[in-house]
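> The structure under discussion is supplied below as structure tokens; questions concerning it will follow.
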Amino acid sequence: KQYTVEVEQFTPASAQEVEEFRLKFLVTKGIIRNLFEEFKAVSPDEKRVLGKVLNEFKQLAEQKYQESLEQFTAEQSGKSSFDGDLTLPGVGFKLGSRHPLSLVRKEIVEIFKKLGFIVAEGPEIEDDWHNFSALNFPPEHPARDMQDTFFIKKQDGNDIALRTHTSSVQVRLMEAGKPPFRAIMPGRVYRNEAISARAHCFFHQVEGLYVDENVSFADLKQTLYHFVQELYGEGTKVRFRPSYFPFTEPSAEMDISCTICKGKGCQLCKYSGWVEILGCGMVDPNVLENCGIDSKKYSGFAFGMGIERITNLKYEIRDLRLFSENDVRFLSQFESEL
Ligand code: PHE
């Protein structure tokens, strides 16, 4: 009787309780087998009554166990509540897109790689020697002034600063090896300027360097001409204007025929038909000597361009700040293969 009540009221809260129930009542050494053992000893009269009670009890216990077991296995696998269609296609997730500056950098790198240029990199935190002195900047040169350079630490004759151009990588490359050198140097550079649509405190450059015997200005012109045809399409015109950089002599700035109006004149090119895209020149012999290279034997050319400027011309972007604001409405317009 006492066991019947217990079994009837059994409401398990976990699969473990169901198992405990089985161990208590249903196994070989469990209560039910015990009761049947005791049953053997009672008188034939009692057997008639008790036999019925015992059999009913056994059935009740087995039924309860089966029910409880089903309840818990169903809950565990979660099958009882799921009636979705497993053959439906899955929910896709949205892939991001490459940043326009990365896309254009990659394009520039690919063009020069085909010409045999390798990619070189260097640190963004530089010392005065690599950023200025080795590149033939006189001590009083205005570019060293606090207005342009973010200084990090003043130290005797070799201040630490954020690099203002990736020309510093040219120095590192030449110091570390022997000519010939044929490399491009993409990277982020920093200049202390007020942030506006046309200027930012950091931007990205790709510089190039080619040093070997008998490298001439004609090589420089042809290399850059080829680069422009590849990047902006056949028929894009180029022109060189004399300029000045401490580390090149002679130096030039290169313009291309405006990519928007094709040279007819528009707002972007200030109705001149031309836009400036890079600085270049023959590596100054002083720079070669500073890097341990015999300037009588070797000559070279170098060039440097801002990736932002190149990208603006390619995609008609008019505000530099868009590149660093992380606005998805801007970024998602550059769908591309990853
Ligand atoms: N380093 C120059 C700059 O940042 C660009 C340049 C590189 C010019 C190489 C000439 C030769 O403006």
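The values are calculated or read from the model by the stated rules, or taken from the named source; none is laboratory data. Note that the structure is predicted; figures quoted are calculated from it, not measured. Cβ sites come from the backbone with ideal geometry, for glycine too, and all protein chains shown count toward neighbours. Note: areas computed on protein heavy atoms with side chains; ligands, DNA, RNA excluded. Shrake-Rupley method; radii C 1.70, N 1.55, O 1.52, S 1.80 Å.
> Considering the stretch 252-298 alone, what residues qualify as being of a type in the set (D, E, K, R) and within 15 Å of the ligand (Cβ to nearest atom)?
Listed by number, the residues that qualify are GLU253, ASP255, GLU276, ASP284.
> For the stretch 231-246, name all the residues that are in a strand (DSSP E or B) and either loosely packed, with under 12 Cβ neighbours inside 10 Å or within 10 Å of the ligand (Cβ to nearest atom) (or both). Spell out the reasoning first.
Of the stretch 231-246, the ones in a strand (DSSP E or B) are 238-245.
The answer is ARG241, PRO242, SER243, TYR244, PHE245.
> Restricting to the stretch 16-64, what's the tally of residues that are open to solvent by less than 80 Å² (accessible area, probe 1.4 Å) and more than 19 Å from VAL5 (Cβ to Cβ)?
Qualifying residue count, the stretch 16-64: 8.
> Right, something else. Going residue by residue through the stretch 105-117, is there one that turns out to be under 25 Å from GLU289 (Cα atoms), under 28 Å from the mean Cα position of the chain (by Cα) and within 16 Å of the ligand (Cβ to nearest atom)?
Among the residues of the stretch 105-117, at least one is under 25 Å from GLU289 (Cα atoms), under 28 Å from the mean Cα position of the chain (by Cα) and within 16 Å of the ligand (Cβ to nearest atom), which makes the answer yes.
> Is it true that ASP219 is open to solvent by 30 Å² or more (accessible area, probe 1.4 Å), in a loop (DSSP other than H, G, I, E, B) and more than 28 Å from LEU320 (Cβ to Cβ)?
no
> Does any residue of the stretch 270-290 turn out to be under 20 Å from VAL211 (Cβ atoms), out of contact with any strand residue (DSSP E or B) (no Cβ under 9 Å at 6 or more places or on another chain) and modelled with pLDDT of 95 or more?
Looking for residues that are under 20 Å from VAL211 (Cβ atoms), out of contact with any strand residue (DSSP E or B) (no Cβ under 9 Å at 6 or more places or on another chain) and modelled with pLDDT of 95 or more, one finds at least one in the stretch 270-290, hence yes.
> Could you list, in sequence order, the residues of the stretch 72-94 that are modelled with pLDDT of 80 or more and either of a type outside the set (S, T, N, Q) or not in a loop (DSSP other than H, G, I, E, B) (or both)?
GLY84, ASP85, LEU86, LEU88, PRO89, GLY90, VAL91, GLY92, PHE93
> Ok, one more. Filter the stretch 109-129 for residues that are in contact with a Leu (Cβ under 7 Å, 6 or more places away or on another chain) and touching a residue at least 40 places away in the same chain (Cβ under 8 Å); which is most open to solvent (accessible area, probe 1.4 Å)?
The selected residue is GLU124.
> Since GLU249 meets every condition but one in (1) near the ligand (Cβ under 10 Å from one of its atoms); (2) farther than 21 Å from VAL104 by Cα; (3) without any contact (Cβ under 8 Å) to a residue 60 or more places away in the chain, which condition does it not meet?
(1)
> Would you point out which residue out of GLU175, GLU193, GLU140 is modelled with pLDDT of 95 or more and out of contact with any Leu (no Cβ under 9 Å at 6 or more places or on another chain)?
Going through GLU175, GLU193, GLU140 in turn, the sole match is GLU175.
> Can ASP212 be described as more than 13 Å from the ligand (Cβ to nearest atom) and open to solvent by less than 20 Å² (accessible area, probe 1.4 Å)?
no
> Which of the following residues is surrounded by 15 or more Cβ atoms within 10 Å (Cβ to Cβ), free of Cβ contacts under 8 Å to residues at least 12 places away in the same chain, more than 28 Å from HIS141 (Cβ to Cβ) and more than 16 Å from the ligand (Cβ to nearest atom): LEU313, LEU322?
The unique qualifying residue is LEU322.
> List the number of the failed condition for GLY273; all other conditions in (1) without any contact (Cβ under 8 Å) to a residue 24 or more places away in the chain; (2) open to solvent by 20 Å² or more (accessible area, probe 1.4 Å); (3) small (Gly, Ala, Ser) hold.
Only one criterion in (1) without any contact (Cβ under 8 Å) to a residue 24 or more places away in the chain; (2) open to solvent by 20 Å² or more (accessible area, probe 1.4 Å); (3) small (Gly, Ala, Ser) is unmet by GLY273, namely (2).
> Among the numbered criteria (1) in a helix (DSSP H, G or I); (2) open to solvent by less than 40 Å² (accessible area, probe 1.4 Å); (3) farther than 27 Å from GLY177 by Cβ; (4) of a type outside the set (A, V, I, L, M, F, W, C), which single criterion is violated by TYR225?
(2)
> Need the failing condition index for ALA143 against (1) within 11 Å of the ligand (Cβ to nearest atom); (2) among the aliphatic types (A, V, I, L, M); (3) crowded, with 19+ Cβ neighbours inside 10 Å; (4) over 15 Å from ASN286 (Cα atoms), just the number.
Every listed condition holds for ALA143 apart from (3).
> Right, something else. Tell me yes or no: at least one residue of the stretch 86-102 is in contact with a strand residue (DSSP E or B) (Cβ under 7 Å, 6 or more places away or on another chain), open to solvent by less than 100 Å² (accessible area, probe 1.4 Å), of a type outside the set (Gly, Ala, Ser) and on the phi < 0 side of the Ramachandran plot.
Yes: the stretch 86-102 contains one or more residues that are in contact with a strand residue (DSSP E or B) (Cβ under 7 Å, 6 or more places away or on another chain), open to solvent by less than 100 Å² (accessible area, probe 1.4 Å), of a type outside the set (Gly, Ala, Ser) and on the phi < 0 side of the Ramachandran plot.
> Could you look through the stretch 249-269, keep only residues that are within 18 Å of GLN229 (Cβ to Cβ), open to solvent by 20 Å² or more (accessible area, probe 1.4 Å) and touching a Phe, Trp or Tyr at 6+ places or on another chain (Cβ under 8 Å), and pick out the one that is modelled with the lowest pLDDT?
It comes out as GLY263.
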